[in-house]
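Novice: So that we are looking at the same thing, I have put the structure below in structure tokens.
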Amino acid sequence: MVGTAAALAVAWTFVWEAFWAPSPVAAEDGAEGAEAERSAQVAESAAASALGQPGIVRRGPRLLQEPDPEVPGLPIAIEDRDGRSMEGLHAALREAERGTGQARLVFYGASHVASDLFTGVIRHRLQERFGDAGHGMILPAHPWRTYRHLGARMQSNRRLWDSSKVRVNMRDPDFFGVAGTFVESARQGAWGRVATADRGPVGRTASRFDLYYLQRPEGGSFEVALDGEVVRRVETGRDDGYAPGYLTLDVPDAEHELEVRVEGDGPVRFFGVAMERDAPGVIVDTLGINGARARYHLLWDDQLYREHLRRRQPNLVALAYGTNEAGDDVPIERYEQELRAVLGRIRETVPEASCLLIGPSDRPVRRPDRSFEDRPRTGQIIEVQHRVALEMGCGFFDLVAFSGGPLSMVEWAAMDPRYGQPDHVHYTRRGYHRLGEVLLDALLAGYDPDAE
């Protein structure tokens with residue numbers, strides 16, 4: 001590992017100086033100034049080539065600290081327009097740290113988020129420092145086999161449930177809710193169960209369950225059991241169209257298990273249940289969907305989505321998309337238009353929240369001879385996300401820069417132990433853990449607990 005890491009450190013240094021070089025600055029007098037000018041010209045050429053956008057040079061993310069050559073993952077900062085993109089989050093964290101409020105973070109994305117690995121690190125560490133206000137939003141039954149959340153337990157008889165999410169060729173909006181997916185059943189005996197964590201320093205208790213469901217014509221009924229005892233029966237049917245439904249249970253702050261049981265008299269659709277505490281601290285919602293694209297947000301019923309998002313009261317909304325879009329053939333102009341629409345709706349719905357775009361990860365193309373080359377569209381996606389984020393007052397976190405530049409995933413997958421999966425798309429658990437550490441430091445950069 002030491003030899004590999006040392007070699008990679010050299011590679012990362014090169015990548016940083018060439019691909020992620022700062023924008024040119026005014027040359028100083030004399031020979032040093034001439035050399036600075038030449039270096040800037042080289043950096044401009046390399047950056048324009050790597051980004052696939054000739055003539056456009058963006059300032060690369062700055063390092064928050066000196067990189068450790070033994071540890072993959074560059075400690076980069078969030079890029080933004082004026083250094084203030086995280087002010088909304090920082091204000092909420094101050095309230096949590098002072099014991100007077102909560103900070104709520106919502107992470108959307110594809111498989112990187114769906115695993116709840118890097119977001120789980122962020123949740124755990126923020127709650128250890130600022131207080132545990134509960135796990136956050138989780139589906140009450142498995143929408144897919146591998147669905148999981150760190151710091152929460154869940155069970156279901158999954159075969160009795162249907163689930164849905166936006167797919168590539170879908171065109172018409174549907175009632176997907178805040179998580180972009182749902183679980184539904186009309187089968188008697190379908191059940192799902194979520195519970196507080198049974199180990200670890202956080203997530204062990206809850207004092208409120210907020211269940212999100214759909215009211216509709218001919219909707220069915222369900223029972224809710226708390227710690228094995230039925231406490232409510234809910235009818236979801238209504239005569240006048242579709243509407244969001246909520247069931248809030250306030251309970252003693254302790255270990256709990258919530259179960260939903262479908263009665264079989266009609267379809268019942270659940271969008272999620274929030275496990276929270278009436279206490280200062282942090283809540284992190286992990287709302288990832290395997291294979292998702294940012295544009296899928298536009299196919300979530302607008303009114304329902306906005307109401308759900310406002311109900312979550314986020315202080316940060318992060319969107320981690322782009323890796324899948326890097327393999328699409330949608331014109332880049334259309335991609336930018338749709339991304340602006342997605343981010344614009346979020347900014348309009350929760351204008352006080354900080355917002356963050358997390359860019360695509362490195363996704364190299366495997367050649368027939370089993371060697372690799374950079375995927376040009378990844379650079380185009382990065383450039384669009386960076387531009388849109390800064391223009392709309394959000395931050396941008398560059399995943400390719402974090403891992404060391406183009407083709408870094410090849411190195412991560414070859415390490416011992418591995419930080420990247422053999423598919424050269426996903427990180428290993430170790431890699432996601434490192435991403436959580438670095439992104440958390442970036443989120444907290446500039447945080448001042450004493451600010452007013």
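What follows draws every value from the coordinates through simple rules; no lab data is involved. Computed from a prediction, not measured in an experiment: that's the story for all the values here. Because the Cβ atoms are built from the backbone with ideal geometry, glycine has one as well, and the counts that use them run over all protein chains shown.
Novice: Given axes a ≥ b ≥ c from the Cα gyration tensor, I'd like to know whether region 311-452 is rounded (a/c under 1.5), prolate (a/b larger than b/c) or oblate. Let's see the in-between values first.
Specialist: Numbers: a/c = 2.61, a/b = 1.39, b/c = 1.88.
Taking the square roots of the gyration eigenvalues as a ≥ b ≥ c, region 311-452 is oblate.
Novice: How many angstrom separate the Cα center of region 216-231 from the Cα center of region 356-413?
Specialist: 45
Novice: Taking only Cα atoms, what is the 0 to 90° angle, nearest 10, from helix 87-97's long axis to the longest principal axis of the chain?
Specialist: 60
Novice: Helix 302-312 against the longest principal axis of the chain: what's the angle in degrees, Cα atoms only, rounded to the nearest 10?
Specialist: Once rounded, one gets 90 degrees.
Novice: Just grab the label-to-label distance for ASP265 and TYR246, each label 7 Å out from Cα along the Cβ direction, in nm (one decimal).
Specialist: Simple spin-label model gives 2.5 nm for this pair.
Novice: Arranged by the count of other C-beta atoms within 10 angstrom, fewest first, what order do ARG334, ARG193, ARG269, ARG347 take? Mind showing how you got there, number by number?
Specialist: On the way: ARG334 10, ARG193 18, ARG269 25, ARG347 15.
By the 10 Å Cβ count, ascending: ARG334, ARG347, ARG193, ARG269.
Novice: Moving on. Could you work out [θ]222 nm for the chain from helices alone, using -39500 (n - 2.57) per DSSP H run of at least four and dividing by all its residues? Round to the nearest 500 deg cm²/dmol.
Specialist: -10000 deg cm²/dmol
Novice: While we're here: Give me the net charge of PRO417's neighbourhood, meaning all other residues with Cβ under 12 Å from the Cβ of PRO417; Lys, Arg count +1, Asp, Glu -1.
Specialist: On the way: positive: ARG418, ARG429, ARG430, ARG434; negative: ASP416.
For residues surrounding PRO417, the net value is +3.
Novice: Can you give me the Cα centroid spacing of region 118-165 and region 256-312 in angstrom?
Specialist: About 11 Å separates the Cα centre of region 118-165 from the one of region 256-312.
Novice: Another one. Give me the net charge of PRO252's neighbourhood, meaning all other residues with Cβ under 12 Å from the Cβ of PRO252; Lys, Arg count +1, Asp, Glu -1. Intermediate results must be reported in sequence, preceding the final value.
Specialist: Working: positive: ARG208, ARG277; negative: ASP227, ASP250, ASP253, GLU255, ASP278.
Within the 12 Å Cβ shell, the charges total -3.
Novice: Compute the length gained on full extension between GLN313 and GLU218: take 0.36 nm times their separation in residues and subtract their Cα-Cα distance, giving the result in nm to one decimal. Kindly include the intermediate steps, with their values, before the conclusion.
Specialist: Numbers: separation 95, 0.36 × 95 = 34.20 nm, distance 3.10 nm.
That works out to 31.1 nm of additional length.
Novice: Tell me, THR196, THR146, THR181 in order of fewest to most beta-carbon neighbours within 10 Å? Don't jump to the answer; show the numbers that get you there.
Specialist: Values: THR196 20, THR146 10, THR181 25.
With the sparsest Cβ surroundings first, the list reads THR146, THR196, THR181.
Novice: Right, here's the next one. Using packing as a proxy for protection, rank 60-71, 115-126, 150-161, 373-384 so that the peptide with the highest average count of other Cβ atoms within 10 Å comes first.
Specialist: Details: 60-71: 14.8, 115-126: 23.2, 150-161: 17.8, 373-384: 20.3.
Sorting 60-71, 115-126, 150-161, 373-384 by mean packing, highest first, produces 115-126, 373-384, 150-161, 60-71.
Novice: Sort TYR212, TYR246 so the one with the fewest other Cβ atoms within 10 Å of its own Cβ comes first.
Specialist: Details: TYR212 26, TYR246 15.
By the 10 Å Cβ count, ascending: TYR246, TYR212.
Novice: Moving on to the next point. Assuming 0.36 nm per residue, please report the length gained on full extension of the stretch ASP302 to ASP174 beyond their Cα-Cα distance. Kindly include the intermediate steps, with their values, before the conclusion.
Specialist: Values: separation 128, 0.36 × 128 = 46.08 nm, distance 0.90 nm.
45.2 nm is the gain from fully extending ASP302 to ASP174.
Novice: Let me make sure I get this right: for region 134-278, a, b and c are the square roots of the gyration tensor eigenvalues over alpha carbons, sorted descending. Under 1.5 in a/c it's rounded, otherwise prolate if a/b > b/c, else oblate. Which is it?
Specialist: Working: a/c = 1.75, a/b = 1.38, b/c = 1.27.
Prolate shape, in that a/c is at least 1.5 and a/b is the bigger ratio.
Novice: Here is a follow-up. Just to confirm the filter: which GluC sites (Glu not before Pro) across region 181-247 are DSSP coil and have at most 14 other Cβ within 10 angstrom of their Cβ?
Specialist: Working: sites: GLU184, GLU218, GLU223, GLU229, GLU235; in loops: GLU218.
The qualifying sites are GLU218.
Novice: If I stretch the segment between ARG429 and ARG232 completely, what's the gain in nm (0.36 nm per residue apart, minus their alpha carbon distance), one decimal? Working shown, then result.
Specialist: Working: separation 197, 0.36 × 197 = 70.92 nm, distance 3.92 nm.
Result: 67.0 nm gained on full extension.
Novice: Now for a different question. Can you give me the angle between helix 2-18 and the longest principal axis of the chain, using Cα atoms only, in degrees from 0 to 90, rounded to the nearest 10?
Specialist: 80
Novice: What does the C-alpha gyration tensor say about the overall shape of region 130-191? Classify as rounded when a/c is under 1.5, otherwise prolate if a/b is larger than b/c, or oblate. It would help to have the intermediate numbers written out before the result.
Specialist: Details: a/c = 2.26, a/b = 1.27, b/c = 1.77.
Taking the square roots of the gyration eigenvalues as a ≥ b ≥ c, region 130-191 is oblate.
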